[in-house]
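Trainee: To start, I am sharing the structure in question, which I have written as structure tokens.
Every number here is computed from the coordinates shown, using simple stated rules; none is lab data. All of these numbers come straight from a predicted model, not from anything done at the bench. Cβ coordinates were reconstructed from backbone atoms using ideal geometry, including for glycine residues, and neighbour counts include every protein chain displayed.
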Amino acid sequence: MSSDQQQKAKVKRLEESLSPSPAMWFVFVLLGASFGLIPGPINTTVALVTSVLCVVLTVGLVVGFTPRLSLAKGVFAAGRAKVPASLVAKVEPLDAAQMRAAHGVDLDARAYLCTRAWVRTGIRVTLDDPADPTPYWLISTRRPQEWVRALGS
């Protein structure tokens, strides 16, 4: 068994949620609460109710649309996409500058994206699947080196 296979065998399970940072949560709560300003001049009670409902709605949407990364039982999942980990050919860690370029000028329009603006680092996962036209997956992660070790490089 090669050292890469041994490392893959050691990491059976890895998970990460791409949830917002505390500062972003504050922004989302302020955004939701600001909708209470709309009916404010008409009725204060309606403004408060609108603010609370919009905060709950905003937080619910952020939680509901926060993608998860996982590696479990030989399956790698990023958001809604799943692939057997055996099809992962190459994993590259990307620092903030590389991620910005990969998501901007270097982006291939056919790539699968599972990114969030509040996560600055990431990985580029190339798959060994001739039937799949997707050249690579670009994925935000706060722990790129762990994913490289887990998926192999």
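Trainee: Over the chain, with a Gaussian network built from C-alpha contacts below 10 Å, which listed residue (Ala23, Ala77, Ala96) shows the highest mean-square fluctuation?
Mentor: The residue with the greatest mean-square fluctuation here is Ala23.
Trainee: Also, I was wondering about something else. Taking the DSSP beta bridges in the chain as the whole, what percent of them are antiparallel, to the nearest 5?
Mentor: Roughly 90 percent of the DSSP beta bridges within the chain come out antiparallel.
Trainee: Follow-up. Taking the Cβ-Cβ separation of Ile42 and Ala96 as r and a Förster radius of 41 Å, what is the calculated FRET efficiency to the nearest 0.05? Don't skip to the end; give the middle numbers.
Mentor: Working: r = 45 Å, r/R0 = 1.10.
For R0 = 41 Å, the calculated efficiency reads 0.35.
Trainee: Here's a follow-up. Mind giving me the FRET efficiency for Ala89 and Ala117? R0 is 25 Å, r the Cβ-Cβ distance, nearest 0.05 is fine.
Mentor: The formula returns an efficiency of 0.35 here.
Trainee: In debye, nearest 20, what is the charge dipole magnitude of the chain about its Cα centre with +1 on Lys and Arg Cβ and -1 on Asp and Glu Cβ, if you could check?
Mentor: Computed about the Cα centre, the dipole is about 380 debye.
Trainee: Where a Cα-Cα gap under 16 Å defines reach, which aspartates and glutamates qualify for Lys82, not counting those fewer than 8 residues away within the same chain?
Mentor: Glu15, Glu16, Asp128, Asp129, Asp132
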